[in-house]
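Participant: Questions regarding the structure given below will be posed in turn.
The values are calculated or read from the model by the stated rules, or taken from the named source; none is laboratory data. It should be emphasised that the depicted structure is a prediction, and the values quoted were computed from it without experimental measurement. Neighbour counts run over all protein chains shown; Cβ positions are idealised from the backbone, glycine included.
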Amino acid sequence: MRKPVIAGNWKMYKTRGEAVAFIEELKPRIANVEHCDVIVAPPFTALAEAAQTAKGSKVGIAAQDVHWDAEGAHTGDVSPGMLLDAGCSHVIIGHSERRHDHGETDEQVNRKLKAALAAGLTPIVCVGETLEEREGGQTQKVLERQFLGGFAGLTPPEFSRIMMAYEPVWAIGTGRTATPELAAESHAFLRNLARRQFGDEQANAVRILYGGSVKPQNVAGLMAQEEIDGALVGGASLSVESFLAIINYPSA
Ligand code: 13P
């Protein structure tokens, strides 16, 4: 059985104080949560204090991006070792906002992924098609390209240490969630790619999260799909109440 994951991607929201206050409030309220792993991804500036606050609790801390080099002349970038030093356990790689705002390529995603793995971080690798690609019937072609490019050269044991997130770009921040069936179809397609590249064991074990307008009202329907192993939540992860309602989806 794959243990579900509920992860909040805070994007460019929350100061250090806001991040600490959120985690302080969340910690006791998820102390008895056993049915899923809980992760939040604060912005770089709040990572160290967020991780300090989360220490010893059930809240895992993810960064939102990483550079592949250990150090160097890369203005504005942050290395895997720096993320570990800040207390991160996870890192989101290849989010569509990185791909679109910063022109990130599958090859760069691959380099980041390998560096994160080498450092001992758990990568959460995002893939997903745009509206234009979906309407043009290109969804599977795009997912395959992102998968094969992003995961190129990985060994099965390396692949076993990653999580994936399927985030259709047209569903991010739009309030337009993919239907559970539509999302599950892409998840199954991604799992089959994993089967082909890395074998049955890895494909059956890899956790694939869905992201794109996940809310307290729609999370249970998504999570009811066998293929959907968790949620990567943007806007609805910014308030403790709505994030908790999502975490507590089995009792929704
Ligand atoms: P929203 O939940 O705000 O649509 O964002 C999804 C997302 O991009 C999570 O990484």
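Participant: Anything in the range 1-44 that is outside any helix (DSSP H, G or I) and aromatic (Phe, Trp, Tyr)? List them, or say none.
Facilitator: Passing the criteria: 10, 13.
Here is a yes/no grid of residues against (1) buried (at least 21 other Cβ atoms within 10 Å of the Cβ); (2) modelled with pLDDT of 95 or more; (3) touching a His at 6+ places or on another chain (Cβ under 6 Å):
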{"site": "9", "(1), (2), (3)": "yes, yes, no"}
{"site": "20", "(1), (2), (3)": "no, yes, no"}
{"site": "23", "(1), (2), (3)": "yes, yes, no"}
{"site": "28", "(1), (2), (3)": "no, yes, no"}
{"site": "39", "(1), (2), (3)": "yes, yes, yes"}
{"site": "46", "(1), (2), (3)": "yes, yes, no"}
{"site": "50", "(1), (2), (3)": "yes, yes, no"}
{"site": "57", "(1), (2), (3)": "no, yes, no"}
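Participant: For the range 162-192, which positions are of a type in the set (Phe, Trp, Tyr) and modelled with pLDDT of 95 or more?
Facilitator: Residues satisfying the conditions are 166, 189.
Participant: Checking residue 173 against (1) more than 21 Å from residue 63 (Cβ to Cβ); (2) within 16 Å of the ligand (Cβ to nearest atom); (3) of a type outside the set (Phe, Trp, Tyr), which test does it fail?
Facilitator: In the conditions (1) more than 21 Å from residue 63 (Cβ to Cβ); (2) within 16 Å of the ligand (Cβ to nearest atom); (3) of a type outside the set (Phe, Trp, Tyr), residue 173 misses (1) alone.
Participant: Another one. Please state which of the following conditions residue 35 fails to meet, knowing it meets all the rest: (1) over 20 Å from residue 151 (Cα atoms); (2) within 16 Å of the ligand (Cβ to nearest atom); (3) touching a helix residue (DSSP H, G or I) at 6+ places or on another chain (Cβ under 7 Å); (4) not aliphatic (A, V, I, L, M).
Facilitator: Just one mismatch for residue 35, condition (2).
Participant: Hey, could you check the range 218-252 for residues that are within 14 Å of the ligand (Cβ to nearest atom), assigned to a loop (DSSP other than H, G, I, E, B) and touching a residue at least 24 places away in the same chain (Cβ under 8 Å) and say which is farthest from the chain's Cα centre (by Cα)?
Facilitator: So the residue we want is 218.
So that you can scan it fast, the table gives a plain yes or no per residue for (1) over 24 Å from residue 217 (Cβ atoms); (2) under 15 Å from the mean Cα position of the chain (by Cα); (3) without any contact (Cβ under 8 Å) to a residue 40 or more places away in the chain; (4) within 15 Å of the ligand (Cβ to nearest atom):
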{"site": "128", "(1), (2), (3), (4)": "no, yes, no, yes"}
{"site": "131", "(1), (2), (3), (4)": "no, no, yes, yes"}
{"site": "134", "(1), (2), (3), (4)": "no, no, yes, no"}
{"site": "149", "(1), (2), (3), (4)": "yes, no, no, no"}
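Participant: Follow-up question, since we're still on this one. Name the single residue, out of those in the range 100-138 being within 12 Å of residue 163 (Cα to Cα) and in contact with a His (Cβ under 9 Å, 6 or more places away or on another chain), that is surrounded by the most Cβ atoms within 10 Å (Cβ to Cβ).
Facilitator: My answer is 124.
Yes/no matrix, rows are residues, columns are (1) over 21 Å from residue 105 (Cβ atoms); (2) in contact with a Cys (Cβ under 9 Å, 6 or more places away or on another chain); (3) surrounded by 22 or more Cβ atoms within 10 Å (Cβ to Cβ):
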residue: 141; (1), (2), (3): no, no, no
residue: 158; (1), (2), (3): no, no, no
residue: 189; (1), (2), (3): yes, no, no
residue: 198; (1), (2), (3): yes, no, no
residue: 207; (1), (2), (3): yes, no, no
residue: 212; (1), (2), (3): yes, no, yes
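Participant: If a residue must be buried (at least 24 other Cβ atoms within 10 Å of the Cβ) and in a loop (DSSP other than H, G, I, E, B), how many such residues does the range 67-99 contain?
Facilitator: So the answer is 3.
Participant: So which residues in the range 214-232 are of a type in the set (Asp, Glu) and either buried (at least 17 other Cβ atoms within 10 Å of the Cβ) or closer than 17 Å to residue 162 by Cα (or both), if there are any at all?
Facilitator: Within the range 214-232, 227, 229 meet the criteria.
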